[in-house]
1. Can you give the FRET efficiency for residue 420 and residue 142, using 1/(1 + (r/R0)^6), R0 = 35 Å, r = Cβ-Cβ distance, to the nearest 0.05?
2. How much length is gained on full extension from residue 439 to residue 383, taking 0.36 nm per residue of separation minus their Cα-Cα distance?
3. Using the Kirkwood radius over Cα pairs, work out the Stokes-Einstein diffusion coefficient for the range 134-184 at 10 °C and 1.306 mPa s, in µm²/s as a whole number.
4. Considering the options 179, 149, 163, tell which one lies farthest towards the positive end of the dipole of the range 134-184, charges being +1 on Lys and Arg and -1 on Asp and Glu at the Cβ, about the Cα centre.
5. Label 7 Å along Cα→Cβ of residue 455; the range 412-442 residues with amide nitrogen under 16 Å?
6. What FRET efficiency do you get for residue 344 and residue 35 if R0 is 41 Å and r is their Cβ-Cβ distance, rounded to the nearest 0.05?
7. Can you give the extra length, in nm with one decimal, that the chain gains between residue 55 and residue 82 once fully stretched, where that is 0.36 nm per residue apart less the Cα-Cα distance?
8. Once the Cβ-Cβ distance between residue 413 and residue 25 is put in as r, and R0 is 35 Å, what FRET efficiency do you end up with, to the nearest 0.05?
Amino acid sequence: MRPFYVYILRCADGSYYVGHTDDMDPRMQQHANGDIGYTSLRKPVELVWQGEFETREGAIAFEQQVKGWSRAKKEALMAGDWERLQVLASSRGKVADVSRLRQAQPERLSGRMPIAAGACTPPTVQPEPVEGQPKPLHSLLDGITGPAGPIQRRAMSKAITLLESTRADHRAQADELLTALLPHTGQAFRLGISGVPGVGKSTFIEALGLYLIGLGHRVAVLTIDPSSTVSGGSILGDKTRMEHLSVHDKAYIRPSPSSGTLGGVAEKTREAMLVCEAAGYDVVIVETVGVGQSEIAVAGMTDMFVLMQLPNAGDDLQAIKKGVMEIADLVVINKADIDKNAATRAEAQITSSLRLLGMHGNPDHATHGALWQPRVLQISALLGQGVDAFWTTVALFRDMQSTNGRLAARREKQSLAWMWERIDAGLKLAFRQHPAVQELLPQMRADVIAGRIAASTAARNLLLAQAQQAPPAIK
Ligand SMILES: Nc1nc2c(ncn2[C@@H]2O[C@H](COP(=O)(O)OP(=O)(O)O)[C@@H](O)[C@H]2O)c(=O)[nH]1
Ligand SMILES: [Mg+2]
């Protein structure tokens, strides 16, 4: 009979993923491809354990059990330390049921996981004090602000998971945590990078991240991908999964939270950024695909906003959304290695259109004074060319903005804009959930669609209903 397997993967964020399957190879391929539903968000790095079972039921029962185990217990399993496993199990009054486990493999396997197989050793992590219970907030805070290492990494991941939770009690804890973290934030440089799928963002961020680590920085990468709110995964491209950066101990990579509206996703990213800063990451990169309003959201939470373009973009400036050009502090033309002439042409065209925007742009939208003219650079992310010139430009901008006070002003403006954005969203939600509104809404919709009342009258009726001063609806 064909065996069934239970397996454990170590993920890029330091967590362990437990799964079962009847065929290891295709399953590992699914994980490696980042297929939807197969840890595509946590990014598995390495297969660290597998066990074989005679029946599917046996495998699933064991999988469920392991899923509920503490990290210490999972690591005892991986190490094949059955004695410790029994001790840990009995201290909780439970005895691990391993009777149906036909073959445990204490040695870590290599070569089965196509991505970054054997790239690094499993982290040595302290056992958690209490199994299965949320860590108290102060211990999360201590973990995040404590020394760099696996404990910090785990505290960060737990904190971000807490921030992403939609449960009201979690939200209250999350707010408490954020308030406690806030004094430790604000020291990092926040860099936003946007561009269409396939332009080379991931390739570039990997090259830049490794370059910055070489300079002694610690780098966090967060992504906002509105498409992931629909599909649960990233659209197109993303072949490069930042393989080297994601396993580096001076880098922390967190993919886009997968649920909620853009406002919600952006809020989570904004908060995750604070966690990274409190943990001492001094460069935080927020990546977004050029879809919908996500660039505006990213520009609204970063100190510098970089737009990535392809060399042929200059041929058709219509293709570049004007609004995005207006908020760019720097435009980089990637893949200059493919066609140097096209890249140079694009550079000239984008430079002149940026200059025009600078002269005629809406002053309310313009984030640039006479001191900084948005620049255009050519790079090749693939060959790592232009990364140092890029960083020199970023550093120049950062120093200029810090000295002239614009950095602080930008952050203040962002925080207040964000507060109002959240108030608007909260009011809208409260409005929609109000019983009087819910009761009246179907009728108002029907009346508006049928042309019986004006849309503005319907809106007023609904607002009055929410304020519970509802006089008879105006017909
Ligand atoms: N020739 C060339 N190819 C590149 C360059 N940067 C990225 N690519 C390739 O473009 C594709 C998309 O890159 P990726 O980083 O996933 O793009 P993203 O969707 O913007 O994150 C990949 O196949 C990369 O290898 C570059 O500078 N030159
Ligand atoms: Mg990408």
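1. 0.55
2. Using 0.36 nm per residue and subtracting the Cα-Cα distance, I get 14.1 nm.
3. On the way: Rh = 10.8 Å.
Reported coefficient: 146 µm²/s.
4. My answer, from the dipole projection, is 149.
5. Answer for the range 412-442: none.
6. On the way: r = 40 Å, r/R0 = 0.97.
About 0.55, to the nearest 0.05.
7. Difference between extended and current length: 7.5 nm.
8. 0.10
Quick note: the coordinates plus some simple rules give every number you see, no bench work behind them. As the structure is a prediction and not an experimental result, all values here were calculated from the model. Reconstructed Cβ throughout: ideal geometry from the backbone, glycine too, with neighbour counts over all protein chains shown.
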